[in-house]
Amino acid sequence: MMMKKIDFRSPEISLLLAVVFAALVLYFNFARDFYPPSTQKTLGPWPECSWMTGSECAQHIRSLVERDVKILELLVDELNDQSNEVSSFESKRVIVYVDKHGAVVQPPARG
């Protein structure tokens, strides 16, 4: 039986290779989400939140920490107000500092 020669320049093969490449990129990019997080990821700080909004960051941290951890979003402008000042450390609390546009301004940490 004679084998047909494969033309790698054909649109079908190019599409197949692109799909396989995209699947591999997605797998290696998102596979880490399915493995147990490391201790640093559960304890913080979380520098990966620097490019997120406050709500995206809170959702990301919720996926990593215990259920009973409280996540607070504090506006940077509100930090000058005494009523919103964080005066004591709590290990079951994560503080996400955001600006008036909702963007995270520094890596969140427990506190």
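Figures for the structure shown
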{"read-out": "Residue within region 14-28 that is modelled with pLDDT under 70, open to solvent by less than 100 Å² (accessible area, probe 1.4 Å), under 30 Å from A58 (Cα atoms) and aliphatic (A, V, I, L, M) present", "value": "no"}
{"read-out": "Evaluation of E66 against (1) surrounded by 10 or more Cβ atoms within 10 Å (Cβ to Cβ); (2) at pLDDT 85 or above (one fails), failing number", "value": "(1)"}
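The values are calculated or read from the model by the stated rules, or taken from the named source; none is laboratory data. Predicted model, so just to flag it, every value in this text is computed and none were measured. Cβ sites come from the backbone with ideal geometry, for glycine too, and all protein chains shown count toward neighbours. Side chains are part of the model used for accessible areas, which takes the heavy atoms of the whole protein and leaves out ligands, DNA and RNA. Shrake-Rupley method; radii C 1.70, N 1.55, O 1.52, S 1.80 Å.
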